[in-house]
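The values are calculated or read from the model by the stated rules, or taken from the named source; none is laboratory data. Quantities reported herein were computed from a predicted structural model and do not represent experimental measurements. Don't worry about glycine lacking a Cβ; one is built from the backbone with ideal geometry, like all the others, and counts go over all protein chains shown. Accessible surface is based on the protein model in full, side chains and every heavy atom, while ligands, DNA and RNA are left aside. Shrake-Rupley method; radii C 1.70, N 1.55, O 1.52, S 1.80 Å.
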Amino acid sequence: MEQFLLMNTFSFPILSTTIFLPLVGAVLLFFIKNETAVKFIALITGVVNLILAFVLFSGFDPNTHNFQLGEFIPWIPSYNINYVLGVDGITVFLILLTALLTPICVLCSWTAIKERVKEFMFCILIMECAMIGVFCALDFILFYIFWEAMLIPMYLLIAVWGGPQRDYASIKFFIYTLFGSVFLLVAIIAVYLTTGSFSIPNAMYRDYSITFQIWVFLAFAIAFAIKVPMFPFHTWLPAAHTEAPTAGSVFLASVLLKMGTYGFMRFCLPITPKASQLFAPYFIILSLIGIIYGGYVCLSQTDMKKLIAYSSVAHMGFVTLGIFSFTLFGFEGALLQMLNHGVTTGALFLCVGIIYERTHSRQIFDNAGLGKIMPIYVGFFGLFSISSFAFPGTNNFIGELYVLLGIFKHHKIAGLFAIPGAVLAAAYMLRLLKQIVWGREDKRELADMNIREIIYLVPLCILVFWMGLFPMPFVATFEKTLAYLHNQLNVILR
Amino acid sequence: MLILPELYLILISIIFLFISLGKSKEKYIITTAKVMSYVGLIITVLSITEKGELFYQAYRIDLFSQLFKILIAMGLTLVISMFSEKDGIEKEYLPEYFMFLTLSSLGLMMLSSSVELISIIISLEISSYSLYVIVPLRRSQDATQIEASMKYLFFGAMSTGLMLYGMGYLYGVTGSTFISDIIPRFRLIIGQPFGIFALILTLTGIFFKLSLFPMHFWAPDIYEGSSNMTTTFIATLPKVAATALLIRLATIATPMHYNFVNVLIILSALSMTFGNIVGLVQRDIKRLLAYSGIAHAGYLMMGILTLNIDGIVSAIYYIAIYVFMTLACFFVIITISRQGENTTIDNLVGLSKRSPLLAMTLAVSAFSLAGIPPTGGFTGKFFLFTNAFRQGYLPIVIIGAVNAVIAIFYYLNLVRMSYSKEAIHYDVMKLSTHEKVICYVLIFIIIYMGVLPFGLMSLFKLMV
């Protein structure tokens, strides 16, 4: 175990604190009656956790590919299940992203959620706990528990505070995801029976037989492809996104979808490299279909949230494309794209939430022609939309560039097919932007964004430019981890 | 005093017998029952370290039996403490009701200690006859409770008959009624069709109590027809004792007897699939839980059919968590129903507004029944799956996994009704402190067994 895991260098268990602080905050909420106090406690918990995440990041050493800041406590010894936590280059930014989005979600629900505020904030904080836990867990069972535990608050967020069709959307989301998870569980048990331990690092880069790899890969892949979602499994996503409250959509788009691609990177590639390579062509094809299909469907949407939801299918297609290109550029691009999508799409959902609070409609037509009415809003919205179709200088450009470099290196034809996807993205986002800015002439009375709304969009705005113009600090942080992954795969697959 | 818990239960039933002769206030009777059940729990817990054999080695007291007795006592205490005045039992029969309830628990406790065929039958019948009596004790306009009791009686008698038939074979072949004598002699012939036949017939009576697939027919009707209280009892405690007995009898075979194991695998697969698929269309929550119980019996068999220590430990863990999550579900039903009538899924609408705590209890137990972490239902299923997989029974693991997905539909429906459907007009339900405490205790146990299973697991491992 120790050879994979560099122990915690802080004087306190930093990862556990980051995971369970939101839980403590959530429990605290139960004892408070006043709604404003509830909101403030949730916000403070979120902010403190963000600071903790930065502390965690400051202790992160980018010069090693090993898991760091590790914690190890035996949990169920008779089954060799341990409480193991650790971060590496892949997860450290995802944890930061989650910690950043939680206070933003609390802020964006400040006035939008009017009833059962306490329960809502409770769900948000439990979500944060589970999401950070998923990224930190280095034990299969711990991972699985966090992975599934996340479903319950997310289900409740959609089912209780969602839109008119929340009933259908929440059930579909839950059952779809659970269906995948069950196969994940069977695969986990299969790996355990082969390696004798539930340790994730311990299961990596081993010499399993090819049939074993194929079955385990397929079981993993179903779970993760549903979560991403990849093309034929994407139908839960538009429904869930559209009906979820803004905070729910942000969590779904920015963090939950990343767990699928994170799963591919953390489990499929290192544990079943040969099977991954065997199936890579199919996954590349599915990704390409997702990119182009998502783009076309977006073109015909009249609902803002649905459009952004389908654009997620396309964007996540780029991520899986990068992963299955088996090149270092592809991996780096995929990880960058995961972060970019988290920032940009999250911000777009926040924008939709802001306008929805004013017009109570998600239809593009109802919200059209805001250029003169809400100039600040349109400014933000414009920035995030052009970032969404990978305009040079914004974050998505770098990510897509890396992915395209990777996929062209891997297979030229596949690369050619990805290009139209990028063009389609420009088409549907510009169409949306045009409608929102100039779509209608009539004068309406709508208040522009207030300070609170500006405050929570500004950090995302900064990230858009930072990751677009100076991506080096980001790439440098996870380069070692991904290079190690790439090398190991090369050694095994040669 | 080796059998103090049993003697105490006899004492309770005698006290209630005397109470039934006179006239007393309803409230007074219920309070007496509650207090006595708490004392019973304490006595049972204190007797955990007892060890010994009684009645010419027919009655064994060891950690195994004592832990099962504690589980039964806990269940009985929870069932009785859920009791309230509105619960639809005729007022004048209340003392008798409690008398038979405790007598039935007595039979179940004896069952977990019996290691000889005749005493097994006697304890089984003590518990069954008491249940035959209390099933029709329900205040109701129609005759469903009579139908239920008749069905229960006939099916019960038939299964006991089959069991006796099987035991006759066991005795005929081995010449002994003591399980410890039967095991070495019977293992020699268990590979033959005759051996499998005899053992399966013997197990039939247990399958009946567990409502496992071919013996499941009674469950939905009896759950629906008897009062909420009685159903809560029938759905939980007999299954605990049946598991204890099943472990004693099924381990006559070893994993080498793959023919016997195959039969168990098929029963397990059919039971969970049948229970879950039929469960999908149920509207009455008690019927739904009946089918859920059939499915869970199938899951339980996954642990038994490994026939090794780890598998059996996981089966014990599963029955323990099953008792608590089912009790939690029934508690919500009992509390919602005003006059002790049955609760349908539509009665749950808007529960999260009417009573957030009840809705949460229901959600936790439904998620646990469905097997979603971090609840005990997941941990239990996980142990079962791992052990069955380790023994190489991959097909049953996959069937179990697929079933977990099917089951989520109807369990989630319970949560969905109480959380995402809005009632047009609703009145807030006020829970008493006592009811709140039950909710918190059940939620705590379910989560605790999900997150920190190792203490209990090693305890259960000690007892096998």
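The residues listed here are A:Asp442, A:Asp448; of these, the one that is of a type outside the set (Phe, Trp, Tyr), surrounded by fewer than 21 Cβ atoms within 10 Å (Cβ to Cβ) and out of contact with any helix residue (DSSP H, G or I) (no Cβ under 8 Å at 6 or more places or on another chain) is A:Asp442. Whenever a residue of segment B:394-412 is under 15 Å from A:Ile189 (Cβ atoms) and facing chain A (nearest Cβ under 9 Å), its partners that are crowded, with 19+ Cβ neighbours inside 10 Å and among the β-branched types (Val, Ile, Thr), lying with C-beta atoms within less than 7 angstrom and at least six residues away or across chains, give the pairs B:Val397/A:Val186; B:Ile398/A:Val186; B:Ala401/A:Val182; B:Ala401/A:Val186; B:Ala404/A:Val182.
Only residues that are farther than 14 Å from A:Leu348 by Cβ and crowded, with 20+ Cβ neighbours inside 10 Å were counted in segment A:454-468, giving 2. Elements of the type helices (runs of 4 or more DSSP H) sitting completely within segment A:257-354 and holding at least 3 residues that are in contact with a helix residue (DSSP H, G or I) (Cβ under 9 Å, 6 or more places away or on another chain) and more than 27 Å from A:Gly89 (Cα to Cα): these cover A:273-299, A:304-323.
Scan segment B:65-73 and give yes if some residue there is open to solvent by 40 Å² or more (accessible area, probe 1.4 Å), at pLDDT 90 or above and among the aliphatic types (A, V, I, L, M), otherwise no. No. For segment B:335-345, the condition holds for no residue, the condition being that it is more than 14 Å from chain A (Cβ to nearest Cβ) and modelled with pLDDT of 90 or more. When the criteria are applied in full, B:Ser47 meets the requirement of being open to solvent by less than 20 Å² (accessible area, probe 1.4 Å), over 22 Å from B:Val133 (Cβ atoms) and outside any strand (DSSP E or B). Each residue in segment A:257-307 was checked for being within 30 Å of A:Ala137 (Cα to Cα), among the hydroxyl-bearing types (Ser, Thr, Tyr) and open to solvent by 10 Å² or more (accessible area, probe 1.4 Å), and 1 pass. Could you go through segment B:378-392 and let me know if any residue there is over 29 Å from B:Leu63 (Cβ atoms) and either buried (at least 19 other Cβ atoms within 10 Å of the Cβ) or within 13 Å of chain A (Cβ to nearest Cβ) (or both). Yes: one or more hits.
The residue that is nearest to the other protein chains (Cβ to nearest Cβ), among those in segment A:161-176 that are within 18 Å of the chain's Cα centre (by Cα) and open to solvent by less than 10 Å² (accessible area, probe 1.4 Å), is A:Phe174. Only one entry in B:Arg138, B:Arg60 is open to solvent by 30 Å² or more (accessible area, probe 1.4 Å), over 17 Å from the mean Cα position of the chain (by Cα) and among the charged types (D, E, K, R), namely B:Arg60.
Tally the residues that are open to solvent by 10 Å² or more (accessible area, probe 1.4 Å) and over 26 Å from B:Leu203 (Cβ atoms), restricting the search to segment B:267-299. The total comes to 5. Checked against (1) away from chain B (no Cβ under 11 Å); (2) in contact with a Leu (Cβ under 9 Å, 6 or more places away or on another chain), A:Ile158 passes all but condition (1). Cβ-Cβ contacts under 6 Å between residues 6 or more apart (or on different chains), taken from a first residue in segment A:351-379 that is without any contact (Cβ under 8 Å) to a residue 40 or more places away in the chain to a second residue that is open to solvent by 10 Å² or more (accessible area, probe 1.4 Å) and of a type outside the set (A, V, I, L, M), are listed as A:Asp366/A:Thr359.
Annotation: of all residues in segment B:413-444 being hydroxyl-bearing (Ser, Thr, Tyr) and open to solvent by 70 Å² or more (accessible area, probe 1.4 Å), the one that is nearest to the other protein chains (Cβ to nearest Cβ) is B:Tyr440.
Evaluated against (1) away from chain B (no Cβ under 13 Å); (2) more than 26 Å from B:Tyr419 (Cα to Cα); (3) of a type in the set (A, V, I, L, M), A:Met121 falls short on exactly one condition, (2).
Candidates in segment A:177-196 are the residues that are open to solvent by 10 Å² or more (accessible area, probe 1.4 Å) and either outside any helix (DSSP H, G or I) or more than 10 Å from every other protein chain (Cβ to nearest Cβ) (or both); of these, the one that is modelled with the lowest pLDDT is A:Gly196.
Scanning segment B:346-377 for residues that are closer than 17 Å to B:Ile443 by Cβ, open to solvent by 10 Å² or more (accessible area, probe 1.4 Å) and more than 10 Å from chain A (Cβ to nearest Cβ) yields a single hit, B:Leu357. From the list A:Leu96, A:Leu85, A:Leu56, the one residue that fits, being away from every other protein chain (no Cβ under 14 Å) and open to solvent by 20 Å² or more (accessible area, probe 1.4 Å), is A:Leu96. Scanning segment A:140-155 for residues that are at the interface with chain B (Cβ under 8 Å from one of its Cβ atoms), of a type in the set (A, V, I, L, M) and either surrounded by fewer than 24 Cβ atoms within 10 Å (Cβ to Cβ) or within 17 Å of the chain's Cα centre (by Cα) (or both) yields A:Ala149, A:Leu151, A:Ile152. Here the condition is being open to solvent by 30 Å² or more (accessible area, probe 1.4 Å), under 18 Å from B:Leu305 (Cβ atoms) and more than 14 Å from the chain's Cα centre (by Cα); of B:Phe217, B:Phe154, B:Phe213, B:Phe178, it holds for B:Phe213 alone.
Would you check if there is a residue in segment A:197-207 being within 11 Å of chain B (Cβ to nearest Cβ), over 17 Å from the mean Cα position of the chain (by Cα) and at pLDDT below 90? Yes: segment A:197-207 contains one or more residues that are within 11 Å of chain B (Cβ to nearest Cβ), over 17 Å from the mean Cα position of the chain (by Cα) and at pLDDT below 90.
Considering B:Tyr93, B:Tyr56, the condition of being assigned to a loop (DSSP other than H, G, I, E, B) and among the aromatic types (Phe, Trp, Tyr) is satisfied by B:Tyr56 alone. The single condition among (1) out of contact with any Phe, Trp or Tyr (no Cβ under 7 Å at 6 or more places or on another chain); (2) more than 11 Å from chain B (Cβ to nearest Cβ); (3) surrounded by 22 or more Cβ atoms within 10 Å (Cβ to Cβ); (4) over 30 Å from B:Pro356 (Cβ atoms) that A:Ala137 does not meet is (1). One residue is enough: does segment B:239-253 have a residue meeting the conditions in contact with a Pro (Cβ under 9 Å, 6 or more places away or on another chain) and touching a residue at least 60 places away in the same chain (Cβ under 8 Å)? No, that holds for no residue.
Residues of segment B:445-460 that are within 13 Å of another protein chain (Cβ to nearest Cβ) and open to solvent by 50 Å² or more (accessible area, probe 1.4 Å): B:Ile447, B:Val451, B:Leu452, B:Phe454, B:Ser458, B:Leu459.
Across segment A:66-77, the qualifying residues are those that are away from chain B (no Cβ under 14 Å) and open to solvent by less than 60 Å² (accessible area, probe 1.4 Å), and the one among them that is farthest from A:Leu21 (Cα to Cα) is A:Asn66.
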